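Heads up, the thing below is written out as structure tokens.
The values are calculated or read from the model by the stated rules, or taken from the named source; none is laboratory data. Keep in mind the model is a prediction, meaning the values are calculated, not measured. For neighbour counting, all protein chains shown are included, and Cβ atoms are generated from backbone atoms with ideal geometry for every residue, glycine included.
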Amino acid sequence: MVDRIADLWGRRTPYGPPVPAEAVSPAESTHAVPGEEPGRHGSWPVRVDMFLDDGFEESDVEAWVQAASILHSNGDAMDIAVAGGRIVGVRGRAGDRVNRGRLDPKDLYGWQANHSPERLRRPLVREGGRLVETNWDTAMGRIVARSKELLDGPGGWGHFGFYTSGQLFLEEYYTLGVIGKAGIGTPHMDGNTRLCTATAAAALKESFGTDGQPGSYTDVDHCDAIALWGHNVAETQTVLWMRMLDRRRGPRPPAMIAVDPRDTPVAREADVHLAVRPGTNMALMNALIHRLIDRGWYDEEYVRAHTIGFDELCGVVQDCPPERAAEICDVPLRSVEHAADILGSSERLLSTVLQGFYQSNQATAAACQVNNIHLLRGMLGRPGAGLYQMNGQPTAQNTRETGADGDLPGMRNWNNPEHIRELAELWNVEPSIIPHWAPPTHAMQIFRYAEQGSIKLLWVSASNPAVSLPDLARVRRILAKEDLFLVVQDVFLTETAMLADVVLPAATWGEKQGTFTSVDRTVHLADKAVEPPGQARADLDIFLDYARRMDFRDKDGAPLVAWHDPESAFEAWKACSAGRPCDYTGVTYGLLRGAGGVQWPCTPAAPRGTERLYTDGRFNTDPDFCEDYGHDLVTGAAYDAEHHRALNPGGRAFLKAAAYQPSPEVTSEDHPMLLTTGRTVYHFHTRTKTARAPQLNDAAPESWVEIAPGDAAALGVAEGDLLRLESPRGTLEARARVCGTRPGVVFVPFHYGYWDHDDSGPRTGEAPRAANELTITSWDPVSKQPIFKVAAVRVTRVAGGDGVPSAAPTTGAAAPADPQVPATAGGPAARARQHVEEA
């Protein structure tokens, strides 16, 4: 029994890389994980984590229902414990390829939010300025009436905007995508995945031609070096970090590089920690590539045969040697050189990238440089040579695959007439209705159109933009506009739902069925374990009801959306995916049930899935197949088909280059410090669920400000003092955690809003505490992902803490400098079981 609030990663199970297959006896080879080379040390040991409600034992569980995590993006497989018609706990799935039985703290405790008395149980509509309960016919009737009024009037499809999430299932996203793109015909579809995963998709398209992660989670088992680029994996994907830690504790451990301005658990573990100044990632990446090329640490044969753009890349990085990057990034030159030495000497490099790059200056350009390192070194398509352009949300991959965001379903190219014809034939609609006359509208532009008044109906599902978007004062004004008909579909009355005209109560994880796909393309099935509360409905059922009431038809008069349940929706999606990079045609619910996850592409030719992409060095860049024709990484200017064909890619990858440019906002005399934002291990997104799980909320109940000891001393700040942060856009107040962020930088977690659940607005007498009161309305020119990691702020001490420390947890990056601060613990209520299967 382990307190998994205090012990985030649980017991270590060290292991080493596989030994050659010929050196393994038949008995030893039986211990190998499917898809891995057999080996004495090659299999990550099983450790099954379990947490049951107080008073329940395993013998009390009436049924175990398979599912996977919905509170982070790792894709941990689990079983839901059911007794008396309710969820009473969870356990990890021992045979799953992703987690081998382990669970994240949010996995272990977050399911309790399903039972919260604050769950939405009936639809709400706005009457006389207040939200009141109603029935489904009334609520849907209002949505449909407004929809038809807008479709029949001037502007038609242009008045509709859909903003979704990384929380729904594949079947729900695909249904929404068909409704939006073939029923209404609007290009204004995106989601909060724009905030977390848009750059991952953009970087993969720019380098390799289409979305889709090249590597596999099992690359951790084989690699001899791990580079974490702006990725605090220890807190954001804890099970993946467990795998990395277990390799680091076993024989022949991999070297580790961490790029992060904060002193995270990853940084403390790493052999090299590059605490770069926020906004300077591109200078660092160009310097590292400069050194690789200068020292001849690249695979000349691979580069010549499988890439385009080497000469241009050489010319750009020539102007940024390590000495210049060390000055720009304000890190020691020897650390830059040490990192380059590891990258250049490794034989199996694994890289993982997340928000420290994606939400920062020159996001797509910097992420592409990680791709470039792997292309230069020929580190793709073989065990250990892996690349994860990570997702921040559990089903972010599915939004991109199915067309619920700014992409077309099946990773098709909106600018390729043949791809539009394929979709039109599949859906039996005229090609003209499918948006392809301009690039899809990204989230920040959707809210701009709503602000201007051209979008008049905005449908938000499973997201809380009133807390998660930048420059919140502006966002709240947009959502509250009288001429915007706002529909919110969620499980709780969030800050966004409080502003809605119609609120639809949704079923959540454990209360519905569907599939979702993790970062390394592993598809899992989540079955329905219990009934949703009250009149709450599955998101799929809500979308199907809307399609029926709107009477969307194909060109022969048949219903446009012909499916009726999750499995039939999945079968429809499979037809859409056929022949595309994300080919699901070999996947069935039957194959997924009881299995350890299946990686796409899964086809009759690869019936068990495909572990790694690009094993033959051929990429998806051919003009007739690619998902995008590429962009200028500096300006964001889109290239057309003619330009792409002139490059004659022939299945080769692109080595995209860009020079470093300063961030759109830098420090000044009035705002002398930099703010960066991010996650804590105990919460997800805007705490819609995790704030309602006692163990998680008690571990991090309120926001805080991380500040370096030197900066704290200069400002006269002690642990727990109340600080005010001011940017040109807004103000927040929170208590200080004096800890290991780099000097000149403060950090605030973005999870916390500041409204009570009573429709009354800000808490009386309290200053805002949402980090996004301060962040800038600016985004990457290619991926259009907002820049949350760089904002200039002024920090002042408001009041003393009276010796009481901040509520920041002590277990992760917020570990205090003061050893007297009490350690974060969950106590008896957080004790979870972990069982290690001995070899």
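Of note:
- Screening His683 against (1) in contact (Cβ under 8 Å) with a residue 60 or more places away in the chain; (2) farther than 25 Å from Asp330 by Cα; (3) part of a helix (DSSP H, G or I) leaves a single unmet condition, (3).
- Among the residues of segment 245-290, the one identified as at positive phi and small (Gly, Ala, Ser) is Gly279.
- Residue count for segment 282-329, restricted to those that are surrounded by 15 or more Cβ atoms within 10 Å (Cβ to Cβ) and more than 19 Å from Leu349 (Cβ to Cβ): 13
- Tally, over segment 790-802, of residues that are within 10 Å of Asp721 (Cβ to Cβ) and in a loop (DSSP other than H, G, I, E, B): 3
Residue by residue, here is whether (1) basic (Lys, Arg); (2) buried (at least 17 other Cβ atoms within 10 Å of the Cβ) holds:
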residue	(1), (2)
Arg119	yes, yes
Ala145	no, no
Lys148	yes, no
Ala182	no, yes
Thr186	no, yes
Arg194	yes, yes
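- Of the residues making up segment 696-716, those that are part of a helix (DSSP H, G or I) and under 15 Å from Thr810 (Cα atoms) are Leu696, Asn697, Asp698, Ala699.
- Selected residue (criterion: farthest from Ser518 (Cα to Cα)) from residues of segment 218-257 that are in a loop (DSSP other than H, G, I, E, B) and under 16 Å from the mean Cα position of the chain (by Cα): Gly230
- Failed item in (1) under 29 Å from Gln661 (Cα atoms); (2) touching a Cys at 6+ places or on another chain (Cβ under 9 Å), with Arg377 passing the rest: (2)
- Per the listing Leu499, Leu486, Leu469, the residue uniquely in the same structural domain as Glu149 (by TED's automatic domain parsing) and touching a residue at least 60 places away in the same chain (Cβ under 8 Å) is Leu469.
- Filter result (in a loop (DSSP other than H, G, I, E, B) and in contact (Cβ under 8 Å) with a residue 60 or more places away in the chain) within segment 309-329: Gly309, Asp319, Cys320
- Taking the listed residues Gly406, Gly410, the one that is buried (at least 20 other Cβ atoms within 10 Å of the Cβ), small (Gly, Ala, Ser), on the phi > 0 side of the Ramachandran plot and assigned by TED's automatic domain parsing to the domain that holds Gly557 is Gly410, with no other qualifying.
- Counting only helices (runs of 4 or more DSSP H) that sit wholly inside segment 265-307, those with at least 3 residues that are touching a helix residue (DSSP H, G or I) at 6+ places or on another chain (Cβ under 8 Å) and closer than 25 Å to Gln661 by Cβ are 281-294.
- Flag if Asp756 is at pLDDT below 95 and of a type in the set (D, E, K, R): yes
- Flag: Leu715 matches the condition of being surrounded by fewer than 18 Cβ atoms within 10 Å (Cβ to Cβ) and outside the structural domain of Asp104 (by TED's automatic domain parsing).
- Check on Tyr660, among the aromatic types (Phe, Trp, Tyr), surrounded by fewer than 24 Cβ atoms within 10 Å (Cβ to Cβ) and over 30 Å from Thr810 (Cβ atoms): no
- Of all the listed residues (Val821, Val782, Val836, Val804), the sole one being touching a strand residue (DSSP E or B) at 6+ places or on another chain (Cβ under 7 Å) and in the same structural domain as Glu726 (by TED's automatic domain parsing) is Val782.
- One residue stands out among those in segment 406-421 that are in contact with a strand residue (DSSP E or B) (Cβ under 7 Å, 6 or more places away or on another chain) and touching a residue at least 12 places away in the same chain (Cβ under 8 Å): the one that is farthest from Gly579 (Cα to Cα), which is Gly406.
- Meets criteria (among the charged types (D, E, K, R) and in contact with a Pro (Cβ under 7 Å, 6 or more places away or on another chain)) for Arg421: yes
- Checklist (1) surrounded by fewer than 24 Cβ atoms within 10 Å (Cβ to Cβ); (2) under 25 Å from Arg146 (Cα atoms); (3) among the aromatic types (Phe, Trp, Tyr) applied to Trp459, failing item: (1)
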